[in-house]
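Read the structure below first, then the notes.
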Amino acid sequence: MNNFDLTDSDKLMHLLYLCTPFAELEYDYLLLLFCNKPNVLIPSGLKIPKNFLGTLKQCVENDDESLVDELGLPFPIEVTSQIVDCFANVYDVEKPAVTGYENVDRVGELLWAFSKSRQVLTNYQDEAYFISIEKKYKDEIFKLLSDISDKIVNEHFTEISNICKAVFEGDEFLDVELNAFYNNLNSLCLN
């Protein structure tokens, strides 16, 4: 789809609704790739789980807004040459601009894994394992924060650091929070 604004949530939801028939197929997820020029793909796409499309269809067709809370936005993906090799047409993947925000998405992934582990590993027997992976996740997050601290705007770095601190202190950072984090990151990188 040419000239599609990924930050326009109304247009994105309309596009995703048009994809809902995919939920009836045997596949687990749908990848959406976007062109900004003929045969040139932007470097990020969307990975949409089948259950997301099914829930979206129910939400719209039954006018059931209570299901909206179950929707997390699709996950962004990096478009690689391996992904586009399956097409008959030849596509190039636009080289992403260096913004300084590279690897910030990894911080979000690690926060999600940290929060999910805290949610799932609640038994006494899991305590030692959780402590070890908690240290691993925190160490990697602190390294990434150190690497990006002088590459991004101070206000953004402070915001990301505060999110990390809140999650380490017990705030939840699951699908909804991760998708909001990615959407905010995409907005920062596109502006």
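Residues 129, 182, 17, sorted by accessible area with the largest first, give 129, 17, 182 [1.4 Å probe; ligands and nucleic acids excluded].
For residue 16, the accessible area of its heavy atoms, probed at 1.4 Å with every protein chain present, is near 0 square angstrom. Here residue 115 sits with roughly 10 square angstrom of accessible surface, probe radius 1.4 Å.
Using 0.36 nm times the number of residues separating residue 60 and residue 27, minus their current alpha carbon distance, what extension gain do you get?
On the way: separation 33, 0.36 × 33 = 11.88 nm, distance 2.18 nm.
My answer for the length gained is 9.7 nm.
Rounded to the nearest 10 degrees, the inclination of helix 104-120 to the longest alpha-carbon principal axis of the chain is 70 degrees.
Taking Cα atoms only, the orientation of helix 9-18 departs from the longest principal axis of the chain by about 60 degrees. Ellipsoid semi-axes for the chain, based on the Cα gyration tensor and the rule √(5λ), read 30, 23, 16 Å when sorted largest first.
Distance check, please: which entries in 47/138; 50/135; 57/116; 11/37; 50/151 exceed 30 angstrom between their Cα atoms?
Numbers: 47/138 27 Å; 50/135 34 Å; 57/116 27 Å; 11/37 19 Å; 50/151 37 Å.
Table pairs above 30 Å Cα-Cα are 50/135; 50/151.
Once the Cα atoms are used to define both axes, helix 175-190 deviates from the longest principal axis of the chain by about 70 degrees. Dipole size of the chain about its Cα centre, with +1 on Lys/Arg Cβ and -1 on Asp/Glu Cβ: approximately 580 debye, rounded to the nearest 20. Kirkwood-type hydrodynamic radius, segment 83-191: 15.6 Å, calculated from all non-identical alpha-carbon pairs.
Here segment 126-186 was treated as a single set of alpha-carbon atoms; its pair distances binned every 10 Å from 0 give 19, 50, 27, 5 percent.
The values are calculated or read from the model by the stated rules, or taken from the named source; none is laboratory data. Just so it is clear, the model here is predicted, and its values are computed rather than measured. Positions of Cβ are generated from backbone atoms using ideal geometry, with glycine treated the same way; all protein chains shown enter the neighbour counts. Accessible surface is based on the protein model in full, side chains and every heavy atom, while ligands, DNA and RNA are left aside. Shrake-Rupley method; radii C 1.70, N 1.55, O 1.52, S 1.80 Å.
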